[in-house]
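What follows is a short report on a single structure.
Coordinate-derived values only; no laboratory data. What you are looking at is a predicted structure, and each value in this text was computed from that prediction instead of being measured. So basically every Cβ, Gly included, is an ideal-geometry build from the backbone, and we count neighbours across all protein chains shown.
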């Protein structure tokens, strides 16, 4: 994307809107995106439940323990992101940047942890096609990771802005909307964990 | 005329370079025209495919151009069936009324300068465009286009080329194209909803929105909820095909004496996911046509929309029920017979909001002063076709009667009339109605009327007889009638339908010519040639880059102030202040 | 234009209705199953009700278009009539939903009631692009089928396991013969993709889905030969995938079983 487009993407067309509208549409847009993403995962969930009740080939997958650590990391990243947002609103630039970096590191750490989980499973001979339960495991975790990667990209963009000292209260919409997305991905992960853990 | 105007901010400047202005434009009007042109291209491709299908059905041993002088094979026929259905449903019925007219007119009708997310808007068009290119390329890969029809039921769609030519690479292309399309549709839906909720001008309450805005809004909600599910289903299908998972493919399949290496999946699961998307998709196709019809009937009857509130509720009711009836496509699939009974009651309940709409359309004209302009003719045609096509749904929605009629030509006749042709008449009406605003020129009235008459009579001649063939029991998706004895007497009717189709398709060339001719030579359109009240008619034709020329419109009235007693004129614009 | 449009709509309506009548020749074939009478009656009821609504709605449209053609006056300012709209809505709802319930008994008999205990069980197997009917033979037991053994080239298209004694007397035929006036239960199976078993004269239809055993039951009441066209798209030969339902007298049916077993 050329810079001008990113600019427009990030700032909205604020100069063509009444004051406050740009901020509102970004919130609305994010909530709508989350509804669409929910439908995507609801479809997977219904397929998961139906498929687990079919045939005699379903073998419950025991969740690798590393997943629980990853879960903690992701939860922590939600906390740090919220701290980022609060620091930004309070105008504490340094604290804001610190929390932001922590969030990026934790988010990347989660993705790396997921990658290790896949590696461990593969080493144990459990692949995408080994069993329908493992198919769904890879499918759900990879779909979630892909979505989280999108969130990480947004955080990366925010970080660049922050390091250039261009992140101020005026840009809080971007941070807020990213935070909503991030928290949602956090909740989605908890949901996926519970699904994989409880419905085996 | 004194238009309500709030404090005007500075005028937003249009980009000047060719690429930013016409290709990667962020202007909703340019994007709307891009969608409209994409759909226009797609509809001629899809129609061309149907012409070849009709040729083969009428003259199975005939040799036609572009097939190397050879007879058309049955697999080629099925590839045409698949691609005709897919292109028409996704790239015409979903694209033109929503992406095209919706993009162009939603912001203007609610008094906004643009959509909420211009960049997303541009992306959703180009994503859709890429999806179309990928879909067309499916014809040219090894084995050609898929032969499993647009519903792509596994295992036929899931086990690869062994199930038939086109089920290999062609099927992969099909799934990838649909997946890309879903992304574009989701981005578009998100944008439409956010725009409707947050970008309305001062005074434009939800209940002051024109019917068209309401349908674009409801359609977008349907799209937002439905396309994610299709995307998920497509990913599962693609994994079954390429990675070797078994979501949809059961174990122990044997094709051409070869054992297929899958186990335990459920073909029915695909049908549930597909139709959970597929049924709302029907309403995504038809709702915008309903909105355009409501709008146009009011304008040219010079009367308010009859029962505006009931119409809005009916739209929302259709949208809601649309998510609860997908099972009626699956009565005979082997799903629980009890479930079928529940789906059937819900399905017939959809008849209720549909009945309200029909009643209110006639009510809108009742007591009016009808002006028989070209857009009005198509809108009246829409009502007639909607009645005809909708009522046969009463048969198909009952599992008892579906026991005989399922997958016969009765179904083909039903859905073509109601979601195919009626929806297309909505687009014809929309094109005729908004052409002056979009291009600043009037369409040629004589050509339009000839096109209307040939098409209106033609589509009835094509699709009514299909119901009769269905009552005899003619199965769908048959390459010809040679394989089954009881079909022989129906061959004459196939020939009749094919002649009717050729004439009707010929008339579409006139429509295309009319568009091109009118763009170049049509008389200049005034700002408000139809004497309509909604905001798009308060601005120049074609509109300036920022729609309202620096003005911020303020709305004082409902959208249908026609023939109001005590007013001097028989219409009052929405942004005209109360006295 | 108004008159022309009104006449065209009226003409289309009348012509459409004319061909929807049984006398047009485009009609269901005579039925031969226990569902037939109820089916045809309910089909007719639905046709009459939708026909009346179709006629009234289209004529109302034609009349309105003609009656209120612009003649230079001022249109009436009508916003709606809630009472009329509610009456119309309720009426439509009642008609549509009661139609479902009126016809539900056919569905219940065909799909919810189980087949009679003494029904003859026949497996109907679909494969691209032929049907195979399997009879259990004198022992009343179907032999086990093994996908690995499904080879037409060695005369075992359904892969009946030679190790399984129940399969020794199984009879596999390209057509389905049934005795007249005897209940039959059809077990639908598929080797490859989804097919659909349908006999117009029986007024029943059901998908044959691989991995599932969908069931149907009927009693055929007329001796004769009836076509079984595949009704679910199954590949390039879909349009030629056909078998026959041969309804025979009991004696002929038994003889057919004996003759077929010898071959």
For this session: Take every residue in peptide A:44-56, count the Cβ atoms of other chains within 10 Å of its Cβ, and give the average of those counts.
Result: 5
Exercise. Where Rh denotes the Kirkwood radius from the mean inverse Cα pair distance, what is Rg over Rh for segment A:3-198?
Worked result: 1.04
Problem set entry | Cα-projected label distance for residue C:17 with residue B:207, points at 7 Å along beta-carbon direction, nm | 4.0 nm
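Could you grab the relative contact order for segment C:205-250? Cα pairs under 8 Å, six or more apart, rounded to a whole percent. The partial results should precede the final answer.
Values: 41 pairs, mean separation 16.5, N = 46.
Normalised by residue count, the contact order of segment C:205-250 is 36 percent.
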For this session: Please work out the Cα center distance from segment C:115-156 to segment B:400-464, rounded to the nearest Å.
Result: 47 Å
For this session: Calculate how many DSSP beta bridges within the protein assembly as shown are antiparallel, expressed in % of all such bridges and rounded to the nearest 5.
Result: 75 percent
For this session: Let me know the volume per residue of the alpha-carbon convex hull for chain B, in Å³.
Result: 151 Å³
For this session: Would you mind listing how long segment B:51-117 runs along its three principal axes, going by Cα atoms, in whole Å with the largest first?
Result: 58, 19, 17
Exercise. For the protein assembly as shown, what does -39500 (n - 2.57) per DSSP helix run (n ≥ 4), summed and divided by total residues, give at 222 nm, in deg cm²/dmol to the nearest 500?
Worked result: -19000 deg cm²/dmol
Problem set entry | Cα shape, segment C:78-131, gyration tensor, a/c 1.5 rule | oblate
Problem set entry | For a label point 7 Å along the Cα-to-beta-carbon line of residue C:152, residues of segment C:240-256 with backbone N under 14 Å | C:240-243
Seminar exercise, completed: For the residue C:169, residue A:75 Cβ pair and Förster radius 56 Å, calculated FRET efficiency rounded to 0.05 is 0.30
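Once the piece of chain linking residue C:27 and residue C:221 is laid out straight, how much longer is it, given 0.36 nm per residue of separation minus the C-alpha distance between them?
Taking 0.36 nm per residue and subtracting the Cα distance, the gain is 67.8 nm.
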Problem set entry | Cα→Cβ-extended label distance, 7 Å offset, between residue C:37 and residue C:67, nm | 4.4 nm
For this session: Provide Rg and Dmax in Å for segment C:129-188, with only Cα atoms included in the calculation.
Result: 12.1, 38
Problem set entry | Cα-based Rg of chain C normalised by 2.2 N^0.38 Å, two decimals | 1.42
For this session: Please work out the C-alpha center-to-center distance from segment A:131-200 to segment B:282-307 and express it in whole Å.
Result: 42 Å
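Kirkwood-based Rg over Rh for segment C:29-82 (C-alpha set), two decimals?
On the Cα set of segment C:29-82, Rg over Rh gives 1.35.
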Exercise. Debye sum, Cα scatterers, segment C:120-262, no solvent: what log₁₀ I/I(0) at q = 0.11 1/Å?
Worked result: -0.38
Exercise. So how far apart, in nm, are the two label points at residue A:127 and residue C:4 if each is 7 Å from Cα heading toward Cβ?
Worked result: 6.9 nm
Problem set entry | Over chain B, relative contact order from alpha-carbon pairs under 8 Å, at least 6 apart, % | 18 percent
Exercise. Based on DSSP, what percent of beta bridges with both residues in chain C are antiparallel, to the nearest 5?
Worked result: 70 percent
Exercise. When chain C is modelled as a GNM with alpha-carbon springs shorter than 10 Å, which of C:36, C:103, C:93 fluctuates the most?
Worked result: C:93
Exercise. Restricting to segment C:120-262, what percent of DSSP beta bridges are antiparallel, rounded to 5?
Worked result: 70 percent
For this session: Can you run the Rg to Rh ratio on segment B:440-579? Use alpha carbon positions and the Kirkwood inverse-distance Rh.
Result: 1.23
For this session: Whole Å is fine, so just give me how far the alpha carbon centre of segment B:197-221 lies from that of segment B:53-87.
Result: 44 Å
Problem set entry | Full-stretch length increase - residue A:27, residue A:93 - with 0.36 nm per residue and alpha-carbon distance subtracted | 21.4 nm
Exercise. Nearest 0.05, what FRET efficiency do residue B:197 and residue C:83 give at R0 = 45 Å with Cβ-Cβ as r?
Worked result: 0.85
Exercise. What are the principal axis extents of the Cα atoms in the protein assembly as shown, in Å, biggest first?
Worked result: 96, 78, 58
Exercise. Using a Förster distance of 22 Å, how high is the FRET efficiency between residue C:182 and residue C:45, based on the Cβ-Cβ distance and rounded to 0.05?
Worked result: 0.15
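May I ask you to derive the relative contact order of chain A, considering only C-alpha pairs under 8 Å and at least 6 residues apart, and to give it as an integer percent?
28 percent
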Seminar exercise, completed: P(r) of segment B:241-285 over all Cα-Cα pairs, 5 Å bins starting at 0, rounded to whole percent, reads 6, 20, 18, 18, 14, 10, 8, 5, 1
